[in-house]
1. So, in region 1-59, of the ones that are at pLDDT 90 or above and part of a loop (DSSP other than H, G, I, E, B), which residue ends up surrounded by the fewest Cβ atoms within 10 Å (Cβ to Cβ)?
2. Restricting the search to region 63-93, which residues are assigned to a helix (DSSP H, G or I) and either more than 15 Å from LEU19 (Cα to Cα) or not acidic (Asp, Glu) (or both)?
Amino acid sequence: MVTLTTFDNSLEAHIFKGLLESEAIPVFLVGEHFFNAQSLLNVGLAHIRLQVPSALIGEAKQVLADFNKGEFEKPLVETFSLSPEVCPKCGCAETGQTLSYSSFLANAALALLYIGVMMKPIKSTICTQCKCKID
């Protein structure tokens, strides 16, 4: 088994696991239980590793690349006549994800106060061309 990617959110890890399994690629999540049990370490140390057989790594990378390009979203947009998400600044339809700086600061403050509660990192959608934040 080879690590394809890592996640800081168990929900995202399971979504990608289901996506790869729907394409007949066996998947194993490593570190999921440690991640969920160690809330204070989630932000910096604990990550969920998504692993696939080494013989299928190329196919798995292609599935994730297609997902990131929105290939799996296109049939839904067409079926339900949805408008694609576009950048309000430049009109680009290519978006990405970034961690929110405010969620990092909140977790750092909670860690300094040694409160046993940590927030899950909040991700924001950004334009891949102009880096504008999309709400």
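The values are calculated or read from the model by the stated rules, or taken from the named source; none is laboratory data. Keep in mind the model is a prediction, meaning the values are calculated, not measured. Don't worry about glycine lacking a Cβ; one is built from the backbone with ideal geometry, like all the others, and counts go over all protein chains shown.
1. ALA24
2. Matches in region 63-93: VAL63, LEU64, ALA65, PHE67, ASN68, LYS69, LYS74, PRO75, LEU76, VAL77, GLU78, THR79.
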